[in-house]
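The values are calculated or read from the model by the stated rules, or taken from the named source; none is laboratory data. Remember, predicted model here, so these are calculated numbers, not experimental data. Cβ placement follows ideal geometry from the backbone for every residue including glycine, while neighbour counts extend to all protein chains displayed. Side chains are part of the model used for accessible areas, which takes the heavy atoms of the whole protein and leaves out ligands, DNA and RNA. Shrake-Rupley method; radii C 1.70, N 1.55, O 1.52, S 1.80 Å.
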Amino acid sequence: MTRKLFGTDGVRGRANTDPMTAEMALKLGAAAGRYFRRDQSPVHRVVIGKDTRLSGYMIENALTAGFTSTGMNVLLLGPVPTPAVGLLTPSMRADVGVMISASHNPATDNGIKFFGPDGFKLSDEAEQEIERLVFSDITPAQSENIGRAKRIDDGRFRYIERVKGTFPQGRTLEGLKVVIDCANGAAYRAAPEVLWELGAEVIPLGVSPNGFNINDGVGSTAPGAAAARIRETGADLGICLDGDADRVILIDETGEVADGDQIMALFADRWAEEGRLKGHTLAATVMSNLGLERYLNDRSIVLHRTPVGDRHVVAAMREHGLNLGGEQSGHIVMTDYATTGDGLIAGLQFLAEMVRTGKRASELAHNFEPVPQLLQNIRFDAGQTPLETAPVQAAIAEAEAQLDGTGRLLIRKSGTEPLIRVMAECEDEGLLRDVVGGVVAAVQDAV
């Protein structure tokens, strides 16, 4: 079945515009409620979290109406990180979990992500079935079986305690000064509290959400704000989360950025030394830098590449019995601790390594020299299919011939935004610019 709603990470779009309308959220809630009420259990539950976007109120209420109409009881967590939903879905014995967030997108967007009863994101097959139900007639519950909804006040605190439990026992963050940039998003309260309770001197940034300022000049997509604060305060590390706190970018004490590839390199090497790296393998997407692959190969660690999206990373990890994976963009998945990417836990694991080794962040955050990589995005309108045009296909073929085995070319549609992403890697930076520029020009002419 052709997917109309679900992308690489749930359903996403501009708020109050199809598909991210109250009407569609109601239908999705009803469809997911019907899908997860297939057994005969007397009680069915869903937990719903959200980030700090204004449209979250609208979508939360619509989802609640949809779920309760099929007899599901709704537990409302309020603003919590996405990984908190993954944690609380099984711990609260819920049939399904939902996170209302558009992650790193601007405040005008929103999205809906689903988690199964095990706390992991849904499979393609489950999403397809829910999508089929959305566009079919859904039988509502009988009037006496309509579900209830209530607020859960301690969801954030449960998450905080679980996150603190991932930090090595007997160690603290005493003496470390940490900038924590919460992107005015879902972790604006939880993240500073965790760091402070573990002993750090906390310098908060992006902790004043107003419904409109999520990811606006702060967070993992705008690390310059945290870098400036580090230079001003002499902090030891900056932790930059995105709007729903499932990804992280780190800033060392000099203000230099370390992306997900560098973080994964450190963790994979360390875990392999300790015998903790299952399968002696790291799962990462096709976007991860060739330099990471070479670094791992030198240490006899396998890099298992997956399609883009942390959901695909997790699926590969579960299939192959792995416990470490992620994305260059900062999703770091450690299934020993969480069911999805968790930016705060990843930041804590990095801090734990600083404490263990006594090394500065700059000594730990830059493990390999990246191969020059260039990524450009081209926006397109609904209904356009620029990658299918003959001129674009010809430009792609020419680019691949130019690289001729000396680099990588990756062209794909974003699963979360109406963008064509053109990425290439090559040691020759002049050739790199030519290759990407040629494809980008052809795509721009086609839109």
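Of note:
- Remark: pairs (first residue in region 390-418, farther than 27 Å from T17 by Cβ and without any contact (Cβ under 8 Å) to a residue 40 or more places away in the chain; second residue open to solvent by 40 Å² or more (accessible area, probe 1.4 Å) and part of a helix (DSSP H, G or I); Cβ separation under 6 Å; 6+ apart in sequence or on different chains) = L409/E400.
- Sole residue being over 23 Å from the mean Cα position of the chain (by Cα), at negative phi and of a type in the set (K, R), chosen from R379, R360, R421: R360
- Tally, over region 219-252, of residues that are assigned to a loop (DSSP other than H, G, I, E, B) and under 25 Å from M334 (Cα atoms): 13
- Among (1) hydroxyl-bearing (S, T, Y); (2) over 26 Å from M92 (Cα atoms); (3) open to solvent by 50 Å² or more (accessible area, probe 1.4 Å), the one test that T233 misses: (3)
- Within this structure, F114 passes the test of being within 24 Å of R14 (Cβ to Cβ) and under 20 Å from the mean Cα position of the chain (by Cα).
- Comparison of G71, G86, G78, G49 shows that the only residue that is closer than 23 Å to N215 by Cα and surrounded by fewer than 24 Cβ atoms within 10 Å (Cβ to Cβ) is G78.
- Criterion: in contact with a helix residue (DSSP H, G or I) (Cβ under 7 Å, 6 or more places away or on another chain) and of a type in the set (G, A, S) - qualifying residue of A315, A283: A283
- Residue check for A94: of a type in the set (G, A, S), in a loop (DSSP other than H, G, I, E, B) and crowded, with 23+ Cβ neighbours inside 10 Å: yes
- A382 passes every criterion in (1) outside any strand (DSSP E or B); (2) at pLDDT below 95; (3) of a type in the set (A, V, I, L, M); (4) in contact with a helix residue (DSSP H, G or I) (Cβ under 7 Å, 6 or more places away or on another chain) apart from (4).
- Filter result (in a loop (DSSP other than H, G, I, E, B) and either touching a Gly at 6+ places or on another chain (Cβ under 8 Å) or closer than 16 Å to T339 by Cβ (or both)) within region 289-316: V308, G309
- Scanning region 317-351 for residues that are assigned to a helix (DSSP H, G or I), open to solvent by 10 Å² or more (accessible area, probe 1.4 Å) and in contact (Cβ under 8 Å) with a residue 12 or more places away in the chain yields R318, H320, Q349.
- Subset of region 355-365 (residues that are within 13 Å of G238 (Cα to Cα) and either basic (K, R) or assigned to a helix (DSSP H, G or I) (or both)): R360, A361, S362
- Some residue of region 106-125 being assigned to a helix (DSSP H, G or I) and not aromatic (F, W, Y): yes
- Strands (runs of 3 or more DSSP E) fully within region 133-210 counting 3 or more residues that are of a type outside the set (G, A, S): 177-181, 201-205
- Close pairs from region 43-54: first under 13 Å from K150 (Cβ atoms) and free of Cβ contacts under 8 Å to residues at least 60 places away in the same chain, partner in a strand (DSSP E or B) and open to solvent by 10 Å² or more (accessible area, probe 1.4 Å), Cβ under 8 Å, at least 6 apart: R45/N73; R45/L75; V46/N73; V46/L75; I48/L75; I48/L76; I48/L77
- Qualifying residues in region 380-389 (those that are open to solvent by 40 Å² or more (accessible area, probe 1.4 Å) and touching a residue at least 40 places away in the same chain (Cβ under 8 Å)) - the one farthest from I420 (Cα to Cα): T389
- Flag if T254 is farther than 20 Å from E353 by Cβ and surrounded by fewer than 18 Cβ atoms within 10 Å (Cβ to Cβ): no
- Count of region 366-379 residues which are polar (S, T, N, Q) and part of a loop (DSSP other than H, G, I, E, B): 1
- Every residue from region 65-107 that is closer than 13 Å to A30 by Cα and of a type in the set (A, V, I, L, M, F, W, C): A65, F67, M72, V74, V96, V98
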